[in-house]
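Asker: Attaching a single structure in structure tokens format; questions to follow.
The values are calculated or read from the model by the stated rules, or taken from the named source; none is laboratory data. Note that the structure is predicted; figures quoted are calculated from it, not measured. In this analysis, Cβ positions are derived from the backbone assuming ideal geometry, glycine residues included, and neighbour counts consider all displayed protein chains. Accessible surface is based on the protein model in full, side chains and every heavy atom, while ligands, DNA and RNA are left aside. Shrake-Rupley method; radii C 1.70, N 1.55, O 1.52, S 1.80 Å.
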Amino acid sequence: MEYIFTNPEYLKLLYALPVFWLVAIFGYNRLSVSRILLSTFLRSLVFLLIILVLAGFSMKEKSKREISAVFLVDVSDSITPEGRKWMWDYVKDVRNGLDKKIKKGLVVFGGESRVITPTLADDLELKDIHRKITESNITSDRTDIASGIMATLGIMPEDSSKMVVLLSDGNQNLGDALKAATMAANNDVKFFVAAPPPAQKESEILIKKVICPKKINEGEMFEVKVVIENRNERSIKGKLRLDEKNGILKEWDTEFKSGISIFEAQYKSDERGFVKFNANLNIEDAMLDKDKENNSRNAFVNVSGKTRLLFINGDESQQMYLPEALEDKTIVVDIKKPGQIPDTLEEYLKYDSVILSNVSRDYISDEQMVLIEKYVKDHGGGFVMTCGTNITAEGGYTDTKIEEILPVKIVGGEPPKTEKKTRLSLILIIDKSGSMLGKKMLFAKKASIELIKQLKENDNFGIIAFDTMPYTIVELKPNEEVKKEIIKKLSMLKADGGTDIFPAMDSAYQQIKKMNSKVNHVILLSDGNTRSVFYYYNKLISRFQQANVTVSTIALGSWLVNTKLLQDIATKTKGQFYQVTDIIKLPRLIVKDTEFFVSQSDFHEEHFYPEINQESQILKGIYDKQFPPLKGHTITEAKEKVEVPLITNITGKTDPILANWRYGLGKVVVYASDANARWSSKWINWSMFNKFWSQVVRWSMRDISKANYDVKIKTDDNAISLLLESSSLVEDGTKLEVGLLTPDSADNEQKLTLKQIAPKRFSTVLKGINPGIYNLKISRIKDGKIIDLKTKGLLVPEKITSTPLEYAVQGNNVPYLKNIAEITGGKYNPEKEEIAVEEEEIIIAKDFAGYLIPLALILFILDIAVRKFNRQMV
């Protein structure tokens with residue numbers, strides 16, 4: 001027998017014993033010497049006993065370590081009824097063979113674990129085990145062996161010899177059992193893994209997976225592989241079809257051998273974006289294929305490559321020169337007509353920059369302009385606009401989303417040089433002959449009133465009526481003056497008499513030539529039947545041509561109408577010809593014609609040389625004297641904080657020819673002239689033409705993100721998780737924001753809340769997300785500003801799993817079960833007698849505190865009694 005002190009450092013307190021004696025002796029009053037000695041002796045013993053307790057005075061004893069055994073049973077759906085019966089029979093057999101002194105317990109697991117016996121006992125009761133498992137509400141559509149292992153560690157006493165008997169098919173689809181087994185081994189827990197009975201062959205054939213690269217370059221050839229697993233014991237006849245977006249890629253009519261078969265097909269994609277492959281399996285004998293849901297599987301490949309530009313040509317009458325100047329080995333230009341402008345944000349996001357070339361406002365809706373603004377501002381897309389005769393202020397892009405993103409404001413008009421010009425002089429010539437009786441005259445008057453409402457106050461307007469002679473109803477003068485008298489004057493207009501057009505046209509010419517207006521226009525309402533001689537007509541038309549007066553003609557009716565003459569007048573004066581059979585439409589038609597010719601005041605046509613105003617990346621390598629002349633430009637005004645590399649002073653003020661700026665995350669460029677032969681005929685053959693436009697468009701393109709991200713989708717328990725790993729650390733003061741752009745709507749952007757799980761890794765759960773192709777917008781934000789933006793394609797699979805995970809893998813995963821046994825130092829498929837751990841002999845220290853503390857208490861009471869008794873005697 002051996003005695004020890006577990007905390008010997010407390011024995012140093014014995015050095016204080018003499019001090020204790022001195023204090024005790026001199027502290028007593030009125031006590032006899034014998035009682036002082038007795039009290040000091042008793043107090044010394046109490047002091048000594050307390051020190052022994054603190055020092056851990058103990059006796060060494062040899063003992064056997066207690067043994068703990070826990071049965072860990074798989075109750076997931078992948079275990080067949082026959083397998084479950086075998087498992088519980090195995091548990092009973094092993095339980096009955098274990099020593100009665102061994103403490104036993106039970107843990108079951110499926111998607112999570114449940115402890116059936118929270119406290120280990122000598123006897124494991126299995127009488128109502130199935131009811132207990134049912135009442136535990138354990139999920140059975142997953143297998144999480146790791147959860148079960150961790151539960152066993154929690155119920156086994158730390159100081160016992162520990163062993164676990166594991167019964168499972170090993171088909172884990174949740175958690176990491178090998179990592180949990182390593183933790184168990186570190187806690188000296190041995191696993192004895194029962195070998196499950198072999199799985200029976202089933203009547204099933206399925207597409208195990210479709211394999212293709214995750215990402216390839218545009219134009220690259222690659223292989224798509226379809227893996228078929230036939231779980232029948234013999235070969236099966238059937239058909240396998242592999243489809244891609246354009247139809248069938250390859251078809252196989254064959255026999256599928258028992259086991260694994262792989263089928264391959266070659267594919268080459270010439271278009272950037274996601275390509276979907278769909279494999280479908282059809283078996284002749286349905287009895288050999290129980291589950292049809294696993295006969296179809298999808299796979300996707302992300303095709304990336306060349307820079308892609310969208311070019312919208314707004315003037316089909318002109319030859320295109322710009323696309324050819326931009327296209328090279330690294331750039332693809334998609335050319336579309338105005339009617340083909342995209343109407344979804346996803347279509348815009350395919351492109352690095354969008355170019356609108358002289359595209360009229362009439363061809364682009366408010367919704368499409370909102371998409372373009374979002375594409376530039378929120379997604380960093382590039383936008384280039386070239387002007388031309390279709391780009392106007394009045395009835396054009398003024399106060400639209402397009403003008404909002406432009407670095408300039410389209411103002412129209414012409415600033416003064418030496419004298420002020422009015423914007424417009426317009427004369428309406430109305431045929432008042434007998435053919436205009438009834439509704440024709442009524443709607444001609446209505447058209448006059450509607451027209452005057454559309455004009456500005458300083459526009460000149462006049463009305464001339466005619467039969468065989470012209471009558472000035474309203475003299476040509478400013479519109480604000482005309483408004484005061486037009487109703488009264490029109491009320492006196494009556495239809496009667498013959499028809500002679502040319503005297504009325506001559507009267508209009510005489511009035512309009514006196515005005516100094518930018519646009520001079522005449523609208524003629526008539527059936528075209530005139531009695532004037534032909535030579536007079538030619539002479540009059542020549543005057544209109546020389547004075548740049550346009551004449552639009554409107555043929556009223558369809559019977560006895562001289563359309564040939566009216567068409568000829570319009571053509572030779574560069575006006576428009578219309579024929580109206582429904583007189584109700586006349587007022588709107590006149591307003592529409594006027595709007596067209598008013599818009600011509602929004603550009604300036606005159607030969608000039610553009611000048612360099614400031615240095616710019618866009619003009620790198622191009623110098624002032626190298627620019628050829630231009631013949632015209634749209635009049636604009638630069639906004640604040642805008643770069644204006646090219647200007648002209650031809651109109652008497654500084655007009656931007658080339659302007660650019662950043663708008664949100666994107667970049668925008670405006671070229672105020674056109675890119676065609678009307679205004680830029682000298683530029684087309686200019687040696688720097690390709691270089692200039694290449695630099696304009698490349699400057700506008702989406703910035704290349706400095707960061708790179710690896711994005712993965714994880715599907716689990718009908719939930720979709722997004723895992724994002726950054727190539728670089730997110731710096732202090734910088735936060736990461738992620739937005740998911742849905743396929744259906746540009747405005748339906750879902751902000752994702754990221755959870756950081758490691759220095760460069762983040763995760764989030766995608767809630768309510770339908771299968772499909774999305775764009776992921778990843779932004780780095782510092783001080784409230786986006787300093788880096790990356791857009792990546794994201795694919796959410798059509799099905800999380802084709803079948804429940806518990807049925808996706810059949811048979812027993814024996815290698816996995818063997819690994820668990822090996823890691824923990826246990827054994828796979830042990831004999832019943834081998835399921836045991838050594839009874840370790842251990843030495844325990846049995847302390848005497850239970851005896852010493854009561855003894856010290858008794859002595860302390862005696863000491864009190866000795867001193868108190870003496871006082872009473874005194």
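Asker: Calculate how many DSSP beta bridges within the range 262-349 are antiparallel, expressed in % of all such bridges and rounded to the nearest 5. Don't jump to the answer; show the numbers that get you there.
Answerer: Numbers: 9 of 15 bridges.
Around 60 percent antiparallel, to the nearest 5.
Asker: Suppose all protein chains stay in the model; what accessible area per residue would a 1.4 Å probe give for the chain, in Å²?
Answerer: That works out to 51 Å² for each residue.
Asker: Let me see the pair-distance distribution of the range 188-233: every alpha carbon pair, 5 Å bin width, integer percents in order.
Answerer: Calculated P(r), rounded to whole percents: 5, 14, 13, 11, 11, 10, 10, 10, 9, 4, 3, 0.
Asker: Less than 19 Å apart at the alpha-carbon level, and either on another chain or at least 8 residues along: which aspartates and glutamates does that give for Lys755?
Answerer: Asp710, Asp716, Glu725, Glu731, Asp732, Glu737
Asker: Let me ask you something else. Determine the order of Tyr397, Tyr828, Tyr851 by accessible area, beginning with the largest, at a probe radius of 1.4 Å.
Answerer: Output order, biggest surface exposure first: Tyr851, Tyr828, Tyr397.
Asker: With an 8 Å cut-off on Cα pairs and a minimum separation of 6 or more residues, tell me the relative contact order of the range 487-636 in percent. All intermediate terms of the calculation are to be shown ahead of the outcome.
Answerer: Working: 174 pairs, mean separation 27.0, N = 150.
The value is 18 percent.
Asker: Using every alpha carbon pair in the range 330-378, what percent of pairs falls into each 10 Å bin from 0 up to the bin containing the largest distance?
Answerer: 23, 61, 16, 1
Asker: Quick one: work out Rg over Rh on the C-alpha atoms of the range 570-720, Rh as Kirkwood radius.
Answerer: Value, to two decimals: 1.19.
Asker: Looking at the chain, what % of its DSSP beta bridges pair antiparallel, to the nearest 5?
Answerer: Of the beta bridges lying entirely in the chain, close to 65 percent run antiparallel.
Asker: Cα to Cα, under 17 Å, and not fewer than 8 places away if on the same chain: which lysines meet these conditions relative to Lys336?
Answerer: The reachable lysines, counting only those whose Cα sits under 17 Å from Lys336, are Lys350.
Asker: Another question, if that's okay. Helix 534-546 against the longest principal axis of the chain: what's the angle in degrees, Cα atoms only, rounded to the nearest 10?
Answerer: Approximately 50 degrees, to the nearest ten.
Asker: Okay, moving on. Hey, what does the equivalent ellipsoid look like for the range 92-172, semi-axes from the Cα gyration tensor as sqrt of 5 times each eigenvalue, largest first, whole Å?
Answerer: Semi-axes from the Cα gyration tensor: 21, 15, 12 Å.
Asker: Quick one: compute a quarter of the convex hull surface over the Cα atoms of the range 469-526 and quote it in nm².
Answerer: In nm², the orientation-averaged hull projection of the range 469-526 is 4.6.
Asker: For the pairs Lys494/Lys585; Lys489/Lys572; Lys101/Lys132, note any where the Cα-Cα span goes beyond 28 Å.
Answerer: Among Lys494/Lys585; Lys489/Lys572; Lys101/Lys132, the Cα-Cα distance tops 28 Å for Lys489/Lys572.
Asker: Over the chain, calculate the relative contact order: mean separation of alpha carbon pairs under 8 Å at least 6 apart, over the residue count, as a percent.
Answerer: Value for the chain: 15 percent.
Asker: When the distances between all Cα atoms of the chain are binned every 10 Å from zero, what whole-number percent does each bin get?
Answerer: All Cα pairs considered, the percentages come to 2, 9, 12, 12, 12, 10, 9, 8, 7, 6, 5, 3, 2, 2, 1, 0, 0.
Asker: Also, I was wondering about something else. Over the alpha carbons of the range 248-381, what is the largest minus smallest coordinate on each principal axis, giving the biggest first in Å?
Answerer: 65, 33, 29
Asker: A further question follows. Take Cys212, Cys387 and sort them by solvent-accessible surface of the protein heavy atoms, 1.4 Å probe, largest at the top.
Answerer: Output order, biggest surface exposure first: Cys212, Cys387.
Asker: Going down the list Lys92/Lys179; Lys250/Lys306; Lys446/Lys574; Lys374/Lys790, which pairs span over 20 Å between their C-alpha atoms?
Answerer: Violating the 20 Å Cα-Cα cut-off are Lys92/Lys179; Lys250/Lys306; Lys446/Lys574.
Asker: Using only Cα atoms, what Kirkwood radius does the range 406-559 have, in angstroms? Write down the numbers at each step before the final one.
Answerer: Working: mean 1/r = 0.0610 Å⁻¹.
Evaluated on the range 406-559, it is 16.4 Å.
Asker: Moving to a separate point now. Report the one residue of Gln614, Tyr671, Ile650 whose Cα lies farthest in the direction of the positive end of the charge dipole of the range 613-748 (charges on C-beta: Lys and Arg +1, Asp and Glu -1; origin at the Cα centre).
Answerer: Farthest towards the positive pole: Ile650.
Asker: Any idea of Met515's accessible area? Nearest 10 Å², probe 1.4 Å.
Answerer: 60
Asker: Rolling a 1.4 angstrom probe over the protein chains, ignoring ligands and nucleic acids, what is the accessible area of Lys209 in square angstrom, nearest 10?
Answerer: Counting only protein heavy atoms, Lys209 exposes about 100 Å² to solvent.
Asker: Rank Tyr537, Tyr663, Tyr363, Tyr321 by accessible area, highest first, at a 1.4 Å probe radius?
Answerer: Tyr363, Tyr321, Tyr663, Tyr537
Asker: Not counting ligands, DNA or RNA, and with a 1.4 Å probe, what is Lys245's accessible surface area in Å² rounded to the nearest 10?
Answerer: 110
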